[in-house]
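Below you'll find the structure, written out as structure tokens, and then a few comments.
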2 protein chains.
Amino acid sequence: MKEIPSSSWLQDRPFKEVTVQKKELLKPDGRKLWLYSSVNTPLEHGPAPSPSSEAVNANPHLRWHPLRGEWGTYAGYRQNRPFLPPDNYNPLAPTTNAEFPTELPSGNYDVAVFQNRFPSLSLEAHSPPESIVPTAPGKGECEVVVFTQDSKQSLGTLPLEHIKLLIDVWADRYSELGSKPDIQYVMPFENRGVEMGVTLHHPHGQIYAYDHVPPVPALELENQKKHFEAYGRGLLEDHIRAELEDGSRIVVDSETMLAFIPAFARYPYEVWLAPKRAAPSIADLTHLERDDFARVLKTLLYKYDHLFEARPLFPYLMVMHQAPTDGFEHPEAHLHLEFYPPYRTPDKLKYLAGTELGAGLVAMDNLPENTAKDLQAVVVPEF
Amino acid sequence: MKEIPSSSWLQDRPFKEVTVQKKELLKPDGRKLWLYSSVNTPLEHGPAPSPSSEAVNANPHLRWHPLRGEWGTYAGYRQNRPFLPPDNYNPLAPTTNAEFPTELPSGNYDVAVFQNRFPSLSLEAHSPPESIVPTAPGKGECEVVVFTQDSKQSLGTLPLEHIKLLIDVWADRYSELGSKPDIQYVMPFENRGVEMGVTLHHPHGQIYAYDHVPPVPALELENQKKHFEAYGRGLLEDHIRAELEDGSRIVVDSETMLAFIPAFARYPYEVWLAPKRAAPSIADLTHLERDDFARVLKTLLYKYDHLFEARPLFPYLMVMHQAPTDGFEHPEAHLHLEFYPPYRTPDKLKYLAGTELGAGLVAMDNLPENTAKDLQAVVVPEF
């Protein structure tokens, strides 16, 4: 059986005995819903709703790109869903009008996670169609993580304790999804802003769980492994040490966690946030590291949201990279968040075009040392 | 010395003896300009202008991304250029007002190519800065290809003969750039539409010439090489044969060239355009293939521009992949254009976000077989 690294944190302070409560519910269409709360009072909630009572029969499939040597996932969902909600309908808010159920019940909880109704990957996937390229079932899981019941908040405006609960939720999802036999990689992420294609503005992220290690993490892990085998130390750990010595690109520093614009950034305001030690996954973080993580994350997001006056909710893609859940030890892995913000000035986007998408060579017309100064200059209150 | 494959076409009908004329000029800031014409009358033109007389001292550098194991190119150009042109100023149109010179002279020519004033790569690059990651000079060339003097045209509305001239120009740039000792890969491309970040709407493309084979072509060539060594045939040639047999995703078919949505498409309306035989580069195409190329390209662009009524100038990124110019034979290479259009419906963009940029697994919610039907349904006049 696979052993998923959630041990160090659990030994430190067991999950269920402390501040986090969790309850699993079943939606009328067969999907699962998990409610999380940091309070010690019992979780209270109405029945698990769904915008539709139709059973979800997701059957995505993979196709092989022979020239790139990579899989892509395909599903025949079309955009014409016969659903006409009222103007203020928010599917990620708690249900208040039983006539128009949302994805979440009313009740007393802080963070909610549910299985996506139109998933790009599903553990139920079966019988892929034949094609002139190899195909396979699109096995995996796609979950939606609702950060709060309050649609007016954003990740960075939540109280520290709430952010820390979210970190615990990410760790719990990593352990629960990663323990499934078919799941080899778990990636939480957040697309934020219309510039990233977001249409629902309620604060939320997603988690994709893959049945293989996908290309970008695979590339990063391969280079981390080479470094670990050559030097007996982590590649990112060594890079973080060099960033600390250099100092010019550091955005937020704390005892155990660091946020910085890497010397090799591919977006003008790209920031990486990582523990200074090579913790392989978010489930490996100690309580002290989780406290630091919450504070450094909140500080970074405050800086982002105050960088450009015209962009109070600074858009970005945030992805979490960590150890695969393939049952093997991954001493080369080092948990980190990568933030890719699309803006290069208050009103100019950084587009990925010819040389980026067609050749894979990114072209930057500003230096990480300069953009780091802009983020360093944003004064942040004590959190 | 390197031998760049322009032989078959030149043997077929030598460049300078036929319809294409070419003249090299020097701009006041030291950059080169080439004028091309398909007519047999002498090229006539005014002096080569530049929007600025300041010498271009481009010095981009490369930085190594240790986790991805890839180079990126960095240059400290900022966006504050002290230049206030009149409202209707178009730097890619021929100069008409000597007070505000553009990039091109007035005169009698059809296509113009010049060195980019703010290049991401330059053969003059030297002395890269030290960093905590490996750095190198950002060696290469960045050229702008102006398709026509007429800013009201687009690539697809040009006459067939004009498009064929452009194909000859691409072939000439491939041979000329590829023959330079430092250049190992030549990639023409076109970003079209504000959705792709384009700010100049005069019809034009670009050419990047790299001192190494960049990651995406390198990946494609590696898989093509494996296939060629295993089967003695081209991977794309075999795929094209399978697409022809299947038939469901063909967009434009001709005797020697094919346009199709590949079974492994990563954008809803992604089209590949390639010769049916495995011609390694655009310089290897015969005159018959160039005629077909022009007609298939014009037909495809007509279909794109008439696919969505609301998008008469359908945006896309177009990249040309072909054999490296590293002095070695590349029997595995197979010239092709890849078109990546950002729209998935007349008013919905396909965004690259979490799973695409963070994991490298593309997620498609429509099938290539369906989108191919939409392009097949567009009726095209005889060209």
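No value in this document is a laboratory result; all are computed from the given coordinates. Source: prediction; values computed, not measured. So basically every Cβ, Gly included, is an ideal-geometry build from the backbone, and we count neighbours across all protein chains shown.
Hey, for B:L160 with labels 7 Å out along Cα-Cβ, what do the inter-copy distances come to in nm, ordered shortest first?
7.3
I'd like the distance between the alpha-carbon centres of region A:122-173 and region B:316-340, rounded to an integer number of Å.
What the calculation gives is 37 Å, centre to centre.
What does the convex hull of the Cα atoms of region B:215-302 come to per residue, in Å³, rounded to a whole number?
Considering the Cα atoms of region B:215-302, their hull volume per residue is 113 Å³.
Within region B:240-284, which residues have the backbone N less than 19 Å from the label spot 7 Å out from A:S127 along Cα→beta-carbon, could you tell me?
Under 19 Å, as judged by backbone N against the label point of A:S127, lies no residue of region B:240-284.
For peptide B:307-320, how many partner chain Cβ atoms fall within 10 Å of a residue's Cβ, on average?
Details: counts 0, 0, 0, 0, 0, 0, 0, 0, 0, 0, 7, 2, 6, 1.
Per residue, the average neighbour count from other chains is 1.
Decide, for chain B, between rounded, prolate and oblate: order the square roots of the alpha carbon gyration tensor eigenvalues as a ≥ b ≥ c, take rounded if a/c falls under 1.5, and otherwise choose prolate if a/b is larger than b/c, else oblate.
Verdict is rounded for chain B.
Could you please state, rounded to a whole Å, how far the C-alpha centre of region B:268-304 is from the C-alpha centre of region A:341-370?
30
In debye, nearest 20, what is the charge dipole magnitude of region B:7-213 about its Cα centre with +1 on Lys and Arg Cβ and -1 on Asp and Glu Cβ, if you could check?
220
Roughly how crowded by other chains is peptide A:258-265, in terms of the mean Cβ count from those chains within 10 Å of each of its Cβ atoms?
For this peptide, the per-residue mean of nearby foreign Cβ atoms is 4.
Tabulate in residue order the Karplus-calculated ³J(HN,Hα) for region B:214-228, using 6.51 cos²θ - 1.76 cosθ + 1.60 with θ = phi - 60°, rounded to whole Hz; enter x for Gly and Pro.
x, x, 5, x, 4, 5, 4, 5, 4, 6, 5, 5, 4, 5, 4
Would you mind calculating the gained length between B:F328 and B:F383 on full extension (0.36 nm times residue separation, minus the Cα-Cα distance), in nm to one decimal?
Here the answer is 16.0 nm.
Taking a 27 Å limit on the Cα-Cα distance, which of the listed pairs A:K350/A:K373; B:K276/B:K350; A:K373/B:K32; A:K27/A:K180; A:K226/B:K350; A:K180/B:K226 fall beyond it?
Table pairs above 27 Å Cα-Cα are B:K276/B:K350; A:K373/B:K32; A:K226/B:K350; A:K180/B:K226.
Can you check what the net charge comes to around A:L62, using other residues whose Cβ is under 15 Å from the Cβ of A:L62 (Lys, Arg +1; Asp, Glu -1)? Numbers along the way, then the final one.
Values: positive: A:R63, A:R68, A:K139, B:R266; negative: A:E70, A:E124, A:E130, A:E141, A:D182, A:D211, B:E356, B:D365.
Local net charge: -4.
Does region A:220-261 come out rounded, prolate or oblate by the C-alpha gyration tensor, with a ≥ b ≥ c the root eigenvalues, rounded set by a/c under 1.5 and, if not, prolate when a/b is larger than b/c and oblate if not?
prolate
I'd like to know which of B:T371, A:A310, A:W34 lies farthest towards the positive end of the charge dipole of the protein assembly as shown, counting +1 on Cβ of Lys and Arg and -1 on Cβ of Asp and Glu.
Of the listed residues, the answer is A:A310.
Give the average over all directions of the projected area of the C-alpha convex hull of region A:7-213, one decimal, in nm².
On the way: hull surface 54.5 nm².
Projected area, direction-averaged: 13.6 nm².
Just to confirm the numbers: B:H201, label point 7 angstrom along the Cα-Cβ line, distances to the other copies in nm, shortest first?
Inter-copy label distances (nm, one decimal, shortest first): 2.8.
With only alpha-carbon atoms counted, please give the Rg and Dmax of region A:287-335, in Å.
15.4, 47
Magnitude of the Cβ-charge dipole of region B:311-383, K/R +1 and D/E -1, about the Cα centre, nearest 20 debye?
For this selection, approximately 420 debye.
So how compact is region B:216-376: Cα radius of gyration and Dmax in angstrom?
When restricted to Cα atoms, region B:216-376 yields Rg and Dmax of 16.0, 47 Å.
Using +1 at the Cβ of each Lys and Arg and -1 at the Cβ of each Asp and Glu in region A:7-213, identify which of A:F118, A:P47, A:F147 lies farthest towards the dipole's positive end.
Value computed over the given set: A:F118.
For region A:144-152, in order, what is each residue's ³J(HN,Hα) by Karplus, 6.51 cos²θ - 1.76 cosθ + 1.60 with θ = phi - 60°, in whole Hz (x at glycine and Pro)?
Taking θ as phi minus 60°, the curve returns 9, 10, 8, 5, 6, 6, 8, 5, 8 Hz for region A:144-152.
Quantify how strongly other chains surround peptide A:210-223 by giving the mean number of their Cβ atoms within 10 Å of each of its Cβ atoms.
4
Please report the residue of chain B with the smallest beta-carbon distance to the B-to-A rotation axis, and give that distance in Å, no decimals.
Of all Cβ atoms in chain B, the one nearest the axis gives B:L352, 3.
Which of the listed residues, B:Y77, B:P91, B:L67, is farthest toward the dipole's positive end in chain B, when Lys, Arg count +1 and Asp, Glu count -1 at the beta-carbon?
B:Y77
Taking the label point as lying 7 angstrom from Cα along the Cα-to-Cβ axis, what are the distances from A:Y231 to the corresponding position in the remaining copies, in ascending order and in nanometres?
4.2
Compute log10 of I(q)/I(0) for region B:101-247 with the Debye formula, placing one identical point scatterer on every Cα and leaving out solvent, at q = 0.08, 0.09, 0.18 Å⁻¹, to two decimals.
Here the Debye-derived log intensity ratios amount to -0.32, -0.41, -1.20.
With a cut-off of 14 Å, note down the residues of region B:89-132 whose backbone N falls inside the zone around a label point 7 Å from the Cα of B:E24 toward its beta carbon.
Backbone N within reach: B:113-115.
Please give the charge dipole size of region B:120-170, origin at the Cα centre, charges +1 on K and R Cβ atoms and -1 on D and E Cβ atoms. Round to the nearest 20 debye. All intermediate terms of the calculation are to be shown ahead of the outcome.
On the way: 3 positive and 7 negative charges, 29 e Å.
Once rounded to the nearest 20, the dipole reads 140 debye.
What is the Å³ per residue value for the convex hull set by the Cα atoms of the protein assembly as shown?
Given the Cα convex hull of the protein assembly as shown, per-residue volume reads 173 Å³.
What is the distance in Å between the Cα centres of region B:223-242 and region A:178-193?
34
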